[in-house]
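Shown next, in structure tokens, is the structure this report addresses.
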Amino acid sequence: MPTTPFPFVRETIALRALEPGDAPLLQRYLNHPALAGRRYLPDGVSDVAPLSLRQVEGVIEQWQKDRDAWTLAVLEAACGTVAGHVRAEWEWDPHTPSVSVVISPDHQRRGLGSAALDLALRFLFEETPAHAVSMWIASWNEEAVAFARRNGFSEAGRSPRGGVHGGRFYSQIALDLLRREWRERQVNRAT
Amino acid sequence: MPLEGTLVVLREEHREDQKLLAALRNDLATQAWGRALPPDYTEEMHVKRFESLEFSYDRTSARFIIVEKASGETAGLVSYTGEQRRLSASIGIIVARPFWGTGVAYDAQETLLRFLFDELGLREVHLWTHTGLPKAIGLAERSGFGVCIRLREAVFKFGGLFDSVVMSLLREDYYARHPELTDRMPRVEE
């Protein structure tokens, strides 16, 4: 596994910059049917339709240009392969950044998502002035909502008609986590 | 043809409006953002932004100047952004202090909503504000918006922490409030 600067390493994962050469791996998991609608890609890139290699290269290029955000590859320590991506974004206001995590279905149920989210939160709360971090999740994605709650987030509400999925409107669920709540979780975890 | 309400017309932006728009951005009470902007915007900066606007049929946002019909004076700005076609958009409104409490803001909001629901065929309209702006929340409530998201302590402004608030108005609720209009848009299941 390549070395990465603090704080982007855990026992089970490491986060590193995405390289153009990662495009084929990303294309493979982004096009997995189980990730349709939950890819967390830049505006204008389909969240559902199959993506070409060129389109995925374009996504990586776009992410690399971000000034007030990073999107990093999640490497599974055991095998060293790219298992997903995690994004932290504070473009609107560093006081209230947002995070998202995408793990390939082939690498799920191994705690990689929680480890990646943990690193992203640690970065935001320890390396930036973040006060409240939010996550935005489609209401049909119950698994992700449960994941956010397990990791300390509370539901802040639902914006109706975030889109159409399975022939029906769905809501965008907003969840938030305050700095003091995150600190408390760290203390509880340590004791 | 401008959009016409009872008290106001909403028309396209002109170069001559840029002085007022700079003044509104430089007033902390009217700049209408969830984070403060430095009050040093100049008319020239606004003119540059205005002159950089390009023609397009592929629009997802628009800005309208609010003109009070009785006086012919420009009263502020109302806009929508982030339109997801046939689905939703976010609106914003800025009204100059002399027009506060005159009904101009409500009429401009209603005039824009009619365009968004009856012409663009949106299924939901929302807006972002915060708990430090009770007048903005009240104005939205008058048009039928309800709070759907409250992000705790997400705004620091006016020297304090406030909750960021998203308020939403569904298409069917809009038409229920406007029996003079008929909704002929096909339905999508909830």
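Things worth noting here:
- Helices (runs of 4 or more DSSP H) fully within the stretch A:90-191 counting 1 or more residues that are of a type in the set (Gly, Ala, Ser), at pLDDT 95 or above and buried (at least 17 other Cβ atoms within 10 Å of the Cβ): A:112-127, A:142-150
- If you go through the stretch B:111-120 and keep only what is open to solvent by less than 20 Å² (accessible area, probe 1.4 Å) and of a type outside the set (Ser, Thr, Tyr), you end up with B:Leu112, B:Leu113, B:Leu116, B:Phe117.
- Taking (1) open to solvent by less than 50 Å² (accessible area, probe 1.4 Å); (2) over 23 Å from B:Tyr106 (Cβ atoms); (3) modelled with pLDDT under 95 in turn, B:Ala154 satisfies each apart from (3).
- Output for the stretch B:158-170, where each listed residue is in contact (Cβ under 8 Å) with a residue 12 or more places away in the chain, surrounded by fewer than 21 Cβ atoms within 10 Å (Cβ to Cβ) and either touching a helix residue (DSSP H, G or I) at 6+ places or on another chain (Cβ under 9 Å) or more than 13 Å from every other protein chain (Cβ to nearest Cβ) (or both): B:Phe158
- Residue within the stretch B:171-186 that is surrounded by 15 or more Cβ atoms within 10 Å (Cβ to Cβ) and of a type in the set (Val, Ile, Thr) present: no
- Within the stretch A:83-92, considering residues that are touching a strand residue (DSSP E or B) at 6+ places or on another chain (Cβ under 8 Å) and without any contact (Cβ under 8 Å) to a residue 40 or more places away in the chain, the one farthest from A:Gly113 (Cα to Cα): A:Glu91
- Contact annotation: residue pairs with Cβ atoms under 7 Å, 6 or more positions apart or on different chains, pairing a residue in the stretch A:151-162 that is within 8 Å of chain B (Cβ to nearest Cβ) with a partner that is surrounded by fewer than 21 Cβ atoms within 10 Å (Cβ to Cβ) and outside any strand (DSSP E or B), are A:Arg158/A:Ser139; A:Arg161/B:Leu87; A:Arg161/B:Arg123.
- For the stretch B:103-122, the set of residues classified as aromatic (Phe, Trp, Tyr), more than 14 Å from B:Asp173 (Cβ to Cβ) and over 11 Å from the mean Cα position of the chain (by Cα) consists of B:Phe115 only.
- Filter result (more than 10 Å from chain A (Cβ to nearest Cβ) and among the charged types (D, E, K, R)) within the stretch B:141-156: B:Glu141, B:Arg142
- Test: B:Gly101 is closer than 22 Å to B:Pro39 by Cβ, of a type in the set (Gly, Ala, Ser) and open to solvent by 10 Å² or more (accessible area, probe 1.4 Å): no
Here is a yes/no grid of residues against (1) touching a His at 6+ places or on another chain (Cβ under 8 Å); (2) farther than 30 Å from A:Ser159 by Cα; (3) touching a residue at least 40 places away in the same chain (Cβ under 8 Å); (4) open to solvent by 70 Å² or more (accessible area, probe 1.4 Å):
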| residue | (1), (2), (3), (4) |
| --- | --- |
| B:Met45 | no, yes, no, yes |
| B:Ser56 | no, no, no, no |
| B:Ser90 | yes, no, no, no |
| B:Ile94 | no, no, yes, no |
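The values are calculated or read from the model by the stated rules, or taken from the named source; none is laboratory data. On a predicted model such as this, the values are computed, not experimentally measured, just so you know. Ideal geometry is used to build each Cβ from the backbone, glycine not excepted, and the neighbour counts take in all protein chains shown. For the accessible areas, the whole protein counts, side chains as well, though only heavy atoms, and no ligand, DNA or RNA atoms are used. Shrake-Rupley method; radii C 1.70, N 1.55, O 1.52, S 1.80 Å.
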